[in-house]
1. Going by how many other beta carbons lie within 10 Å of each one, how would you line up B:VAL26, B:VAL71, B:VAL168, fewest first?
2. Report the far tail of the P(r) of region B:169-210, meaning the percent of Cα-Cα pairs longer than 14 Å.
3. Suppose a student asked you for the relative contact order of region A:153-220, using Cα pairs under 8 Å spaced at least 6 residues apart; what percent would you report?
4. Specify which residue in the list A:SER196, A:SER185, A:PHE216 is farthest towards the positive end of the charge dipole of region A:153-220, using unit charges on the beta carbon of Lys, Arg (+1) and Asp, Glu (-1), about the Cα centre.
5. Remind me, relative contact order of region B:2-133 in percent, using alpha carbon pairs under 8 angstrom and six or more residues apart?
6. Given Cα pairs under 8 Å that are at least 6 residues apart, what percent is the relative contact order of region B:27-90?
7. How many nanometers, to one decimal and shortest first, lie between the label point of A:ALA20 and those of its other copies, if labels sit 7 Å from Cα toward Cβ?
8. So what's the convex hull volume per residue for the Cα atoms of region A:74-158, in Å³?
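Please treat every number below as a calculation from the coordinates, not as lab data. In this text, all values refer to a predicted model and were calculated from it rather than measured experimentally. With ideal geometry, Cβ positions are generated from the backbone for all residues, glycine too; neighbour counts draw on all protein chains shown.
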2 protein chains.
Amino acid sequence: MQEQIFSSSYCSALYLRDVAKVRGKVFVIGREGLRNELREAGIHLNTDEDDEPGATIFNCTLASDVKAVLVGHDDKFTFLKLAKASCYLRDPDCLFLATDADPWHLLKDERILPGSGCLTAALEAASGRKAIVIGKPSPFMFECISSQFRVDPAQCLMVGDRLETDMVFGANCGLDTMLTLTGISQMKTAQEYKDSDRSSNHRFVPDYVVDSIADFLSAFKKD
Amino acid sequence: MQEQIFSSSYCSALYLRDVAKVRGKVFVIGREGLRNELREAGIHLNTDEDDEPGATIFNCTLASDVKAVLVGHDDKFTFLKLAKASCYLRDPDCLFLATDADPWHLLKDERILPGSGCLTAALEAASGRKAIVIGKPSPFMFECISSQFRVDPAQCLMVGDRLETDMVFGANCGLDTMLTLTGISQMKTAQEYKDSDRSSNHRFVPDYVVDSIADFLSAFKKD
């Protein structure tokens, strides 16, 4: 089962190892789960773990062998991490990667959990560079899946709850798309994209909509 | 002398008090200097000072009377500050302000100090909103100066070291502009903007260029 789950963290590790073939260390803005995914893929990490408490961008240690910066979700994001990553990205040969572009996640009590897209936006401003985004809507994750399982895009359905990532991902990869209304995006927004005069907005429109993924499961029942 | 210095912090305080006439508290991402500027203008602040150590967006206190979020330079920026500000900005009546748009500052040893423009970019992504920028290149600072001193734009010279903020500010306010080469922007970039086919890039081009502000001071000498 585990080998059938492709997270943006796992695909980022594959990208660094197999596509970019990074030689040197990777500076990670992210949580332990992402770090573990990278370590398991054999990637060498540089983190801020060695910094003295109270270190600043004026006096902190900067490694000389950082060849990539990877930004993921990080609820321990600090100004120092942002500043260090900005320094590493001054080297044009240092790769700039983001696990995903999710701007935020809605919590149960209407609070907002900023996503890695925010941290990437900060670093893009600080570095004047654009990150390569591994996760949806970039087709790289589908390429990862295709490389390990024989899948025919015409036989796939992309199911998701966010129009701006999940549905666009499907469109980018030639998959039919289905929106579930149990998450971020609602019918009204999908309709607005559909009615929009801008053809680029039509990539946000799902082929199918279900109230809940549970409604869809009956399709799996044998007749 | 002090009353002749208009910082983006001071002008932000004036904007909140006199233009937006904010009733309620202001959540500040910024340093003590900015907070003091606001307090002196009589603005009520909400900061994260009351949070327990180890608080997260899941369990922290959120105030009910925050009517504006102001982002300035903050070398103690954290994920929690970003998350709290994102929550406040879900209220469409909560104002979203930034002291300035500076993306980064170059330190002596080629290190990068991220500017408030980065933090604003993160919060814009997390909130899906655009900040009102008080500092350059917005003309609001010149309006502040004009409101307190009689100044004729035609008699003013805007001197600065960054094409994308200082020169555009001058252009926006109808001032002649002068670039000093002792800071961020160099002659090559100014020339590239001048030679650009995109007319919007011509706003970045200074009217005058000096190697150093010192070269210009001789103009003040009496004949």
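1. B:VAL168, B:VAL26, B:VAL71
2. Counting pairs separated by more than 14 Å, the tail of P(r) holds 45 percent.
3. Relative contact order of region A:153-220: 32 percent.
4. Checking the options against the dipole of region A:153-220, the answer is A:SER196.
5. Dividing the mean separation by the residue count of region B:2-133 yields 22 percent.
6. On the way: 60 pairs, mean separation 30.9, N = 64.
48 percent.
7. 3.7
8. Dividing the Cα hull volume of region A:74-158 by its residues yields 136 Å³.
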